[in-house]
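S.K.: One structure coming up, written as structure tokens, with questions to follow.
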Number of protein chains: 2
Amino acid sequence: MTTAQKSSKRGKMVNGFDPANADNLDTRTRAFVERRSRLLGPAYRLFYSNPVEFSRANGVFMYDSEGNEYLDAYNNVVSVGHCHPHVNAAIARQMDVMCTHTRYMQDGILDFAEMLLATFEPEIEHVMFTCTGSEANDLALRMAKHHTGNQGIIVTSEAYHGNSELTAGFSPSMGENSPLGTWVRRVPAPDTYRVDTADMGEWLAARVQEQIDDLHRRGQGLAAFVADTLFTSDGIFPQNANMLKPVIDVVHNAGGVFVADEVQCGFARTGTHMWGYQRHGVVPDIVSLGKPMGNGYPVAGIAIRPEVAARFGHDMRYFNTFGGNTVAMAAAKATLEVIQNEGLQANCNRVGSVMLEGLRDIAARHSGIGDVRGTGLYMGVEMVKDPETKVPDSPRALALVNKMREQRILISATAFNANVLKIRPHLTFSEDNATRFLTGFEDALKAVS
Amino acid sequence: MTTAQKSSKRGKMVNGFDPANADNLDTRTRAFVERRSRLLGPAYRLFYSNPVEFSRANGVFMYDSEGNEYLDAYNNVVSVGHCHPHVNAAIARQMDVMCTHTRYMQDGILDFAEMLLATFEPEIEHVMFTCTGSEANDLALRMAKHHTGNQGIIVTSEAYHGNSELTAGFSPSMGENSPLGTWVRRVPAPDTYRVDTADMGEWLAARVQEQIDDLHRRGQGLAAFVADTLFTSDGIFPQNANMLKPVIDVVHNAGGVFVADEVQCGFARTGTHMWGYQRHGVVPDIVSLGKPMGNGYPVAGIAIRPEVAARFGHDMRYFNTFGGNTVAMAAAKATLEVIQNEGLQANCNRVGSVMLEGLRDIAARHSGIGDVRGTGLYMGVEMVKDPETKVPDSPRALALVNKMREQRILISATAFNANVLKIRPHLTFSEDNATRFLTGFEDALKAVS
């Protein structure tokens, strides 16, 4: 087996550095990569063909070890900006008062729960706290299975929902070496660029029904349909507002629940709503929350309709050592305060429109961009070899990601073929930042043809 | 069904507040409990028959909302003491510099990895980082299954290893309503108080072999034997130093791996060693780390022999959004520095001996204590109705936990019958703290007879 073949069989990772190419690195980076492999083992991946080291960060900027400034249009975890002073002060303050868990009475967790629940529809009455989005989705599915008595889980074909055994088992984007669960079924994403249908909702509902029928054929029912409602790992498909209702009807008719995974699209990023599912006019049974919830502090959770939580809550206890602890709650509360008080949802809407318009202008001036999609500050730019054939241009997408890194702008790529540029800046991105981004992007396009 | 019967069928929880008894609470506490149920749903549990609210904490003390001081002999997460200034300063400092993930190059994660690996035997070469002990055990078992190609997992009969679907599936202490995994098998704990054997290691090895044989009988092999080497949820059995070797031999002969769950006993708590498994003179294949690792900051991980990580690392990528982030690494490094620089392992040994001796003196003066067990600052006091019959005295153990809370000393209980007092103070506990604890414990014993 050649090195290239071996390499291609490694676990799938978009924009991952391949150690087989370490010879191309400078001495310092190569030494770092070797030290890292020795200490952390083979499962970790670095970004970029030429990995980058950052030393500090502030707002929408990161700085490498030589002090060079990078415009960050990728890191959605620190979503209100790197090192936000309001959030950091809240964490530091609470750390010095007390860091303790949920088995003592605390007003802080209840105050934040109330504030968070106010952002959901009244049908969603409870929240529970975990540390990571993986834990949130794992808990959501444990609950869905316990509530329905069924095992079946339906996801889109390139979904990503977590790294626990259960959630990795319904994350086909982990690649063919990562085992899917026995009762996991896939449906194609609502790909507005490639699927030719007059009614995407009915089309997707029919695909979901096929998989429900297959589950029943094997003597198994449906526990849940789980979707990131922007379908970000499938390629980012935000145009299907109000598309999900017929899908959820099919799911409910089969006795399953709908889990809206808001780890990517939640907390105001879509610009028009606080939660991605709200663009579809549906109310999920369980909502899972993650990445941006504490602006980098590990905090996540689920919001639930009480009827879905009842049996699980009666039969089982849930305790998460750090989940919902006093400091995590301070971090999450401060982050939500920033989103609400600084008007970041409106900012996403406004700056997102500027970005989207700018990207579409660029697409009209250059070949190779098949589609530009986005809502708020979540955008996808699909690279194709030819607009007629729509053959994915994965090499050019990857080259663009790396060229942008050279130009000190951070983005990545997504979709099965990794040919969709993933642009996901901080919620605080300004029009000036957008201009700098668009200029840099057009330069990169010209350089990588 | 009566209220009492309904109540008994709820998810199992040692020292859990039962909402059926809310009528006994004062107005303020009852209002809190009701608000909490409404917002957080039915799966959460509070401690104590009369739940307690804490407002601040410092060192080994917690303070309730009226300013009363409680001696904390329970909370092992903030293991170097509540609000430790060195740890909090390190977290605050790094938060203001940069909070980012493992896909950019960072020296911090490698420096800490090196520092941590130096505490293990040379066979253990890699570390990987998660946010919680549940995630660590979930990853450990995903890796064990991928490495061995087998599904079988053997644990002790009252083990607790996590709250994800996979780890809850091998945590029988969650109670009979919580489903165990199809391929999970249980062995009795090495109960030095009740099991009559000349060689506990051979005895346990034989039990493990029986379960391996049962797995083979069903066409399935062994992936892993997982043990908290103090068997803390089974009742705390620390005396079996050097007992595990024949058990691990049986596990290895069957092609399985040994996962040492150090979430409870690791990071110097046993007094004699940094890691619990080291008391047994064995080297695990995977070590999982959790709770005390960041003194309250959510950080956890696994340490691995490279041969066990190889196939998983080749076939799959592992990414944990917050796991190993720059702030988590600063927290973990500062915590380990405190343990090493303040000589806390030696302190555990010294103060633990004082505590154990004091508890044994008290046991000799009072009836109802069947056994006193411990190493370092992890102690169990087993309450029985009669030393001859050894019938567990669960009601008295629970009454003692609640009496201690009234006297403002925090402990809990463990074991299948919840009749073993769990005493687990901060690693910084002083002899003065020990004296106060012992006096309070004897007072409580006299009061609850």
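S.K.: So what are the ³J(HN,Hα) numbers for the range A:294-299, from phi and the Karplus equation (6.51, -1.76, 1.60; θ = phi - 60°), rounded to whole Hz, Gly and Pro as x?
M.R.: Whole-Hz 3J(HN,Hα) from phi for the range A:294-299: x, 6, x, 6, x, 8.
S.K.: Moving on to the next point. Find the cysteines in the protein assembly as shown that fail to meet the 4.7 Å Cβ criterion with every other cysteine, and list them.
M.R.: Cysteines lacking a close Cβ partner in the protein assembly as shown: A:CYS83, A:CYS99, A:CYS265, A:CYS348, B:CYS83, B:CYS99, B:CYS265, B:CYS348.
S.K.: Karplus couplings for the range A:63-72 from phi (6.51 cos²θ - 1.76 cosθ + 1.60, θ = phi - 60°), rounded to Hz, Gly and Pro as x?
M.R.: Computed from phi, the couplings for the range A:63-72 are 10, 7, 5, 9, x, 5, 8, 10, 7, 8 Hz.
S.K.: To continue, here is another question. Considering chain B as a Gaussian network with a 10 Å cut-off on Cα pairs, which listed residue, B:VAL354, B:VAL299, B:VAL33, attains the greatest mean-square fluctuation?
M.R.: Largest GNM mean-square fluctuation: B:VAL33.
S.K.: So which trypsin sites (Lys or Arg not before Pro) in the range B:368-418 are both in a DSSP loop and have at most 15 other Cβ atoms within 10 Å of their Cβ?
M.R.: B:LYS390
S.K.: Write out the GluC sites (Glu not before Pro) in the range A:16-123 meeting two conditions: DSSP loop, and at most 12 other Cβ atoms within 10 Å of their Cβ. Can you show the working numbers first?
M.R.: Numbers: sites: A:GLU34, A:GLU53, A:GLU66, A:GLU69, A:GLU114, A:GLU123; in loops: A:GLU66, A:GLU123.
Here the GluC sites (Glu not before Pro) that fit, given the DSSP loop and packing criteria, are A:GLU66, A:GLU123.
S.K.: Of all DSSP beta bridges in the range A:85-341, what percent run antiparallel (nearest 5)? Display every interim value, and only then the final one.
M.R.: Values: 9 of 23 bridges.
Antiparallel bridges make up about 40 percent of those DSSP assigns within the range A:85-341.
S.K.: For B:ARG365, place a label point 7 Å from Cα along the Cα-to-Cβ direction in every copy; what are the distances to the other copies, in nm, shortest first?
M.R.: Distances between equivalent label points, in nm: 8.7.
S.K.: Using a/c under 1.5 as the rounded threshold, could you call the range A:350-409 rounded, prolate or oblate? The axes a ≥ b ≥ c are square roots of the C-alpha gyration tensor eigenvalues, and prolate needs a/b larger than b/c, oblate otherwise.
M.R.: Oblate shape, in that a/c is at least 1.5 and b/c is the bigger or equal ratio.
S.K.: If we hang a label 7 Å off Cα along the beta carbon direction at B:THR182, how far is it from the matching labels on the other copies, in nm, shortest first?
M.R.: 0.2
S.K.: Mind checking B:52-60 for the average number of partner chain beta-carbons within 10 Å of each residue's beta-carbon?
M.R.: Numbers: counts 3, 4, 7, 6, 5, 6, 3, 0, 0.
Going residue by residue through B:52-60 and averaging, the value is 4.
S.K.: Now for a different question. Can you bin chain B into rounded, prolate or oblate? Criterion: square roots of the alpha carbon gyration tensor eigenvalues sorted a ≥ b ≥ c, rounded for a/c under 1.5, prolate for a/b above b/c, oblate for the rest. Numbers along the way, then the final one.
M.R.: Numbers: a/c = 1.44, a/b = 1.18, b/c = 1.22.
Note, shape of chain B comes out rounded.
S.K.: Highest GNM mean-square fluctuation, chain A, Cα pairs closer than 10 Å: which of A:PRO42, A:PRO392, A:PRO190?
M.R.: A:PRO42
S.K.: Right, another one. Counting DSSP beta bridges in chain A, what percent are antiparallel, to the nearest 5?
M.R.: Looking only at bridges with both residues in chain A, the antiparallel portion is about 65 percent.
S.K.: Where does each of A:ASP249, B:ASP315, B:ASP26 land when they are ranked from fewest to most other beta-carbon atoms within 10 angstrom?
M.R.: Ascending Cβ contact count within 10 Å gives the list B:ASP26, A:ASP249, B:ASP315.
S.K.: Within 10 Å of each residue's Cβ, count the other Cβ atoms and sort B:SER430, B:SER164 from fewest upward.
M.R.: B:SER430, B:SER164
S.K.: Something else: Sort A:203-214, B:126-137, A:267-278 by packing, meaning the average of other beta carbons within 10 Å per residue, with the highest value first.
M.R.: Those peptides, ordered most packed to least, come out B:126-137, A:267-278, A:203-214.
S.K.: Could you size up the charge dipole of the protein assembly as shown around its Cα centre, putting +1 on the beta carbon of Lys and Arg and -1 on that of Asp and Glu, and report it in debye to the nearest 20?
M.R.: Charge dipole of the protein assembly as shown: 560 debye, to the nearest 20.
S.K.: Another question about this same structure. Hey, got the average number of other protein chain Cβ atoms within 10 angstrom for residues in A:163-171?
M.R.: Shielding by partners across A:163-171 averages 6.
S.K.: Using Cα pairs closer than 8 Å and at least 6 residues apart in sequence, work out the relative contact order for chain B, in percent. Intermediate results must be reported in sequence, preceding the final value.
M.R.: Working: 912 pairs, mean separation 90.8, N = 449.
It comes to 20 percent, rounded to a whole number.
S.K.: Taking a point 7 Å out from Cα toward Cβ as the label site, list the nm distances between B:LYS245 and the same residue in every other copy, smallest first.
M.R.: Once sorted, the set of distances for B:LYS245 reads 7.1 nm.
S.K.: If you don't mind, another one. Would you mind checking B:LYS12/B:LYS446; A:LYS145/B:LYS291; B:LYS12/B:LYS245; B:LYS245/B:LYS390; B:LYS403/B:LYS446; A:LYS12/A:LYS446 for any pair whose Cα atoms are more than 22 angstrom apart?
M.R.: Over 22 Å apart, Cα to Cα: B:LYS12/B:LYS446; A:LYS145/B:LYS291; B:LYS12/B:LYS245; B:LYS245/B:LYS390; A:LYS12/A:LYS446.
S.K.: Summing Lys, Arg as +1 and Asp, Glu as -1, what charge do residues with Cβ under 13 Å from the Cβ of B:ARG305 carry, B:ARG305 excluded?
M.R.: -4
S.K.: Between B:THR102, B:PHE32, B:ALA73, whose Cα lies farthest towards the positive end of the dipole of the range B:1-139 when Lys and Arg beta carbons carry +1 and Asp and Glu beta carbons carry -1, centred on the Cα centre?
M.R.: B:PHE32
S.K.: Mind sorting A:LEU289, B:LEU139, B:LEU421, A:LEU398 by how few other Cβ atoms lie within 10 Å of their own Cβ, fewest first?
M.R.: The fewest-first ordering by Cβ neighbours comes to A:LEU398, A:LEU289, B:LEU421, B:LEU139.
S.K.: A further question on this structure: Can you list residues whose amide H is under 5 Å from B:SER233's amide H, if they're 5+ apart or on another chain and H is modeled 1.01 Å from N?
M.R.: Under 5 Å from the amide H of B:SER233 lie the amide H atoms of B:TYR160, each far enough along the sequence or on another chain.
S.K.: Here is a follow-up. What nm distance separates the two modelled labels at A:ASN21 and A:HIS314, each placed 7 Å from Cα along Cα→Cβ?
M.R.: Each label point is offset 7 Å from its Cα along the Cβ direction, giving 5.6 nm.
S.K.: So if R0 is 60 Å, what FRET efficiency would A:GLU342 and B:GLN220 give, r being the distance between their Cβ atoms, rounded to the nearest 0.05?
M.R.: Approximately 0.65, to the nearest 0.05.
S.K.: Something else now. With an 8 Å cut-off on Cα pairs and a minimum separation of 6 or more residues, tell me the relative contact order of the range A:85-341 in percent.
M.R.: About 30 percent, as a whole number.
S.K.: Got a sec to turn the phi values of the range A:108-118 into Karplus ³J(HN,Hα) couplings, 6.51 cos²θ - 1.76 cosθ + 1.60 with θ = phi - 60°, whole Hz, x for Gly and Pro?
M.R.: Along the range A:108-118, the couplings run x, 5, 6, 4, 5, 4, 5, 4, 5, 4, 5 Hz.
S.K.: In nm, to one decimal, how far is the modelled label at A:ASP443 from the one at A:ASP107, with both set 7 Å along Cα→Cβ?
M.R.: Calculated label separation equals 5.3 nm.
S.K.: For the range A:64-183, what are Rg and Dmax over the alpha carbons, in angstrom?
M.R.: Cα-based Rg and Dmax for the range A:64-183 come out at 19.0, 56 Å.
S.K.: OK, next. Starting from the amide H of B:ASN15, placed 1.01 Å from N in the peptide plane, find each other amide H under 5 Å away whose residue is 5 or more places distant or on another chain.
M.R.: The answer is none.
S.K.: With the cut-off at 1.5 for a/c, could you classify the range B:67-122 from its C-alpha gyration tensor as rounded, prolate or oblate?
M.R.: Details: a/c = 3.40, a/b = 1.55, b/c = 2.19.
It comes out oblate by the Cα gyration axes.
S.K.: Still on this structure, I have one more. Given only helices, namely DSSP H runs of n ≥ 4 each adding -39500 (n - 2.57), what is the per-residue ellipticity at 222 nm of chain A, to the nearest 500 deg cm²/dmol? Spell out each step's value before the answer.
M.R.: On the way: 13 runs with 169 residues, N = 449.
-12000 deg cm²/dmol, from helical runs alone.
S.K.: Here is a follow-up. Gaussian network model of chain B, Cα springs within a sub-10 Å range: biggest mean-square fluctuation belongs to which of B:LEU427, B:LEU117, B:LEU359?
M.R.: Among B:LEU427, B:LEU117, B:LEU359, the largest GNM mean-square fluctuation belongs to B:LEU117.
S.K.: Set the Förster distance to 30 Å, then compute FRET efficiency between B:GLU121 and B:THR182 from the Cβ-Cβ distance, nearest 0.05.
M.R.: Efficiency, rounded to the nearest 0.05: 0.35.
S.K.: At 1.567 mPa s and 4 °C, plugging the Kirkwood radius over alpha-carbon pairs of the range B:1-145 into Stokes-Einstein gives what diffusion coefficient in µm²/s? Intermediate values should be presented prior to the final figure.
M.R.: Details: Rh = 19.9 Å.
Estimated via Stokes-Einstein, D reaches 65 µm²/s.
S.K.: Give the aspartates and glutamates whose C-alpha is closer than 14 Å to that of A:LYS385, dropping any in the same chain fewer than 8 places away, or say none.
M.R.: Straight-distance partners of A:LYS385: A:ASP371, A:ASP393.
S.K.: Let me ask something else. What residues qualify as long-range amide H neighbours of B:PHE54, i.e. H under 5 Å apart, gap of 5 or more or another chain, H built at 1.01 Å from N?
M.R.: Here A:MET105 satisfy the definition.
S.K.: Please list log₁₀ I(q)/I(0) at q = 0.07, 0.10, 0.11, 0.14 Å⁻¹ for the range B:85-341, using the Debye equation with identical point scatterers on the alpha-carbon positions.
M.R.: Result of the Debye calculation: -0.23, -0.47, -0.57, -0.91.
S.K.: Put a dot 7 Å past each Cα toward the Cβ at B:GLU388 and A:ARG365; how far apart are the dots in nm?
M.R.: 9.6 nm
S.K.: Across every pair of different alpha-carbon atoms, what Kirkwood hydrodynamic radius in Å does the protein assembly as shown reach?
M.R.: Every distinct Cα pair counted, the radius reaches 28.0 Å.
A short reminder: the numbers here are calculations on the coordinates, not readings from a lab. Quantities reported herein were computed from a predicted structural model and do not represent experimental measurements. Heads up, the Cβs are rebuilt from the backbone with ideal geometry, glycines too, and the neighbour counts pull from every protein chain shown.
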